[in-house]
Amino acid sequence: MKKLIVSLLLLVSLLPMGAGGTRETGSAPEVSPEPSQPKVKYIFFFIGDGMGLPQINAAEAYLMAREQKDAPVRLSFTAFPATGMATTYSSDSYITDSAAAGTALAAGRKTANGVINMDPGKTRTFTTIAERLHERGLKVGIISTVSIDHATPASFYAHQPSRSNYYEIGLELVKSGFEFFGGGGFRDPEGKRSKREGGKSNVLEEARKAGYTILTTEEEILGLSPGSAQKVIAINPVLPSSAAMPYKIDRDEESLDLADFTRKAVEFLDNPEGFFIMVEGGKIDWACHANDAVAAIQDVLDFDEAVQVAVEFARRHPDETLIVVTGDHETGGLTIGFAGTRYENAFPVLLNQKVSFEGFNAVFESYKGKKALTLDEVMPLVREYFGIESLTPYEEEVLSSALRASLEGVPEDDPQSYLLYGGYEPFTVTLTHVVNNRAGLGWTTWSHTGVPVPVYATGPGAHLFTGYYDNTDIPKQIARLAGVDL
């Protein structure tokens, strides 16, 4: 039955879906919007990686607790006038990865997991909505809290058989000619992981040769002004791991946020022809992979602040600005409801967590050298960073077991250990589970899920995003409103 379903999905993905199926050059053909529908000039496309309804609901519940309200506080985009739901399956799996989902959201086409803007057979390339609009004369900005060559941002400018071709993706970024890239850095700028033969030039050097100005300090990024450069790559000055920005919960108050990069992109790209800006909250997904609800929630709130930048811009250009917000898939199987809390919840518990799982790992690392470490000896850390003063017998049992696993190590490829810890630091992820469960939150997986994701829209033509449809329909409707063919 599984093979039959996958085969049917693959067949559907290969059916004709309009023009633009292969990458083309030259001017994009114009497609007239509805007679009564003006062509949108400014387009914001926000993608919360791993962000499904549970992540959004949990963020609103967190705000309710933080602001001491009796009902959930709405995020800016959940108040948009149009709401829809989109399926997310890829051509070879009901559960998509970010490359296939990014391809669907950028090019309106299905492909296999791991593939970026190529057909499942990896023989044809797809044209993206960003490329089409750039051909028509709009300026383009791509922003992400993770590396700018990661699957989702790459899906708007790259065409690769593997999402892991970071060096090749970086070179495609340079060739795209898009005017603004911001947020994370590059995973493999020198091509050390690339299988490409021959000499390899540094991606950043190639970018400079192509006319890009590289900004790497907060002063440089905040000082960027229209006309000060032709094309910009603005890299966050702090990249703690995998060329990604820190989790919101781990950032200093003075650090740059997703909203800062979005605001700078708007200022830099604003012009009479209009612009297209894709903004990704990439570390929502990473936090959910680790089942760290508070880190994920904080990054959803960071994402929402970036959306508010677009909302403020739309107030000045209400008849010309379209804002679309969605997720590429849900991660972690997060749900609001846990067996231990039954019909109750305790969202204020979440407010006591001070760092992400990565932040706690850094603190906990210095304790791990002591093989005879006891739970009592690490409880001061637990109190300081998670606000847990005492443990129930069950919590004490699972945390003691996890502490032993952290100190002694877990066997590689051990199914039981994976079910418990997902390949993460056992003691840390067990702590986040304890906090989540106390609040009334639960998880089902360390991976993605196959549930549909919500879509929110506001601006001219927002009604086209209501209903229940596939993720490939989202860029097609954007293209329709912008007057281009995808």
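The values are calculated or read from the model by the stated rules, or taken from the named source; none is laboratory data. All of these numbers come straight from a predicted model, not from anything done at the bench. Ideal geometry is used to build each Cβ from the backbone, glycine not excepted, and the neighbour counts take in all protein chains shown. Just so you know, the surface numbers come from the protein's heavy atoms only, side chains and all, with ligands and any DNA or RNA stripped out. Shrake-Rupley method; radii C 1.70, N 1.55, O 1.52, S 1.80 Å.
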- Query: Regarding segment 228-298, what is the average projected area of its C-alpha convex hull, in nm²?
  - Reply: 5.9
- The alpha-carbon pair-distance distribution computed for segment 335-442, with 10 angstrom bins and whole-percent values, is 14, 47, 33, 6, 0
- Note on the structure: The alpha-carbon center of segment 84-98 and that of segment 211-245 are separated, in whole Å, by 33
- Task: Compute, for Phe364, the solvent-accessible surface of its heavy atoms (probe 1.4 Å) with the complete set of protein chains present, and express it in square angstrom to the nearest 10.
- Result: 0
- Applying the Karplus parametrisation 6.51 cos²θ - 1.76 cosθ + 1.60 with θ = phi - 60° to the phi angles of segment 123-136, what ³J(HN,Hα) value in whole Hz is obtained for each residue in order, glycine and proline being reported as x? 10, 10, 9, 10, 8, 9, 4, 5, 5, 4, 5, 5, 4, 7
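In units of 2.2 N^0.38 Å, what is the alpha-carbon radius of gyration of segment 278-397? Walk me through the numbers on the way to the answer.
Values: Rg = 19.2 Å, N = 120, 2.2 N^0.38 = 13.6 Å.
Cα Rg divided by the expected 2.2 N^0.38 Å: 1.41.
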- Task: Name the residues whose placed amide hydrogens come within less than 5 Å of the amide hydrogen of Gly48, ignoring near sequence neighbours (fewer than 5 apart) on the same chain.
- Result: Gly281, Thr326, Gly327, Asp328
- For segment 416-472, convex hull of alpha carbons as volume per residue, Å³: 151
- Note down the nm distance, to one decimal, between modelled labels 7 Å out along Cα→Cβ at Arg208 and at Arg196. 1.8
- May I ask for the distance between the Cα centers of segment 401-417 and segment 443-471, given as a whole number of Å? 37
- Please list the radius of gyration and Dmax for segment 368-424, considering alpha-carbon atoms only, with Å as the unit. 12.3, 34
- Task: Using a cut-off of 10 Å between beta-carbons, work out the net charge of the residues near Ala112 (Lys and Arg +1, Asp and Glu -1, Ala112 not included).
- Result: -1
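Mind listing which trypsin sites (Lys or Arg not before Pro) in segment 192-296 are in a DSSP loop and have 12 or fewer other Cβ atoms within 10 Å?
Taking segment 192-296 and a limit of 12 other Cβ atoms within 10 Å, the loop trypsin sites (Lys or Arg not before Pro) found are Lys192, Arg193, Lys195, Arg196.
Considering only the other residues whose Cβ falls under 12 Å of the Cβ of His150, what net charge follows from Lys and Arg at +1 and Asp and Glu at -1?
Working: positive: Arg163, Arg187, Lys283; negative: Asp49, Asp97, Asp149, Asp188, Glu280, Asp285, Asp328.
Local charge sum for His150: -4.
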- Surpassing 19 Å at the alpha-carbon level, of the pairs Lys122/Lys283; Lys41/Lys139; Lys248/Lys370; Lys209/Lys231, are Lys122/Lys283; Lys248/Lys370
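Quick one, what does Rg over Rh come out to for segment 79-199 if you take C-alpha atoms and the Kirkwood Rh?
Working: Rg = 14.6 Å, Rh = 14.8 Å.
Reported Rg/Rh, Kirkwood definition of Rh: 0.98.
Please report, to one decimal in angstroms, the Kirkwood hydrodynamic radius of the chain built from all distinct Cα-Cα pairs.
Values: mean 1/r = 0.0432 Å⁻¹.
Computed over Cα pairs of the chain, the Kirkwood hydrodynamic radius comes out at 23.2 Å.
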- Note on the structure: With every protein chain in place, the accessible area of Phe46 for a 1.4 Å probe, in Å² rounded to the nearest 10, comes to 0
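Compute the signed sum of charges (Lys and Arg +1, Asp and Glu -1) over the other residues within less than 13 Å, Cβ to Cβ, of Glu219. Before the final figure, lay out the partial values.
On the way: positive: Lys264; negative: Glu218, Glu220, Glu254, Asp260.
Charge balance near Glu219 sits at -3.
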- Query: Which distance in Å, rounded to a whole number, links the C-alpha centroids of segment 340-354 and segment 163-207?
  - Reply: 43
- Item | In segment 312-402, the trypsin sites (Lys or Arg not before Pro) that fall in loop regions by DSSP, at most 10 other Cβ within 10 Å | Arg342, Lys371
